[in-house]
1. Quick check on packing: order 46-52, 132-138 by the mean number of other C-beta atoms within 10 Å, highest mean leading.
2. Using only the alpha-carbon atoms, what does the chain span along each of its principal axes? Please give whole angstrom values in decreasing order.
3. Please give, to one decimal in nm, the separation of the simple spin-label points placed at LEU166 and ALA48, each 7 Å out from Cα toward the Cβ.
4. Could you grab the relative contact order for region 31-172? Cα pairs under 8 Å, six or more apart, rounded to a whole percent.
5. Per-residue HN-Hα couplings for region 132-146, Karplus 6.51 cos²θ - 1.76 cosθ + 1.60 at θ = phi - 60°, whole Hz, x for Gly and Pro?
6. Assigning unit charges at the beta carbon (Lys, Arg +1; Asp, Glu -1) and nothing else, what dipole magnitude in debye, to the nearest 20, does region 5-77 show about its Cα centre?
7. Can you compute the FRET efficiency between PHE36 and ALA96 using 1/(1 + (r/R0)^6), with r the Cβ-Cβ distance and R0 = 25 Å? Round to the nearest 0.05.
8. Obtain the nm distance between the two label points defined at ASN75 and LYS17 by a simple spin-label model: each point lies 7 Å from its Cα along the Cα-to-C-beta direction.
Amino acid sequence: MASNNTNRVKGSDLELKEKVVSINRVVKTTKGGRAFSFSALVVVGNGAGVVGHGLGKAKEVQEAITKGIDDAKKNLIKVPVMKGTIPHEQFAKEGAAKVMIRPAAHGTGVIAGGSMRAVLEAAGVTDVLSKSLGSANPHNVVKATFAALAQLREPIQVAKQRNISLKKVFNG
């Protein structure tokens, strides 16, 4: 996974909404009986291009969710959202999970499954076509979606790097 640190964001001054993607109950058998603990995968976002994910583990569900939210606020990235969609197609892998996201016309909606939908909606993407391939493990799908979103580049940035006009970026 090629992580791009140029689009990292500080989460202290943002109004973030939380979405619990999955809660996993873990049972450990000890000589005194069974010990239950929970892990919560949480996605946070401001709905305007900033999104983060985190994992929290605790003996109680609510405490695990709180820890997950705190962890997610430490892992925020900025996503280029243009007119409610993403600027270009992107593919990414994490473990056995592979995700493909494509820009879509206005009014299409978020065509995505479970954990991928939570990430895209938290980022503020309103129109996108996506497909999750391979593993459906929520942890890896969320990480793969983040890898794909982190690799997205704004057209202005591409035009500057290639020394061409913004019009030529879209018209190849």
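None of the figures in this text is laboratory data; all of them are computed from the coordinates on show. This one's a predicted model, so the numbers in the text were calculated from it and none came from an experiment. Heads up, the Cβs are rebuilt from the backbone with ideal geometry, glycines too, and the neighbour counts pull from every protein chain shown.
1. Descending mean neighbour count gives 46-52, 132-138.
2. The Cα atoms of the chain stretch 69, 36, 30 Å along their principal axes.
3. 1.9 nm
4. Numbers: 303 pairs, mean separation 31.1, N = 142.
About 22 percent, as a whole number.
5. 9, 10, x, 5, 9, 4, x, 4, 6, 5, 4, 5, 5, 5, 5
6. Values: 13 positive and 7 negative charges, 86 e Å.
In debye, rounded to 20, region 5-77 gives about 420.
7. Efficiency, from the Cβ-Cβ distance: 0.35.
8. Between ASN75 and LYS17, the simple spin-label model gives 2.1 nm.
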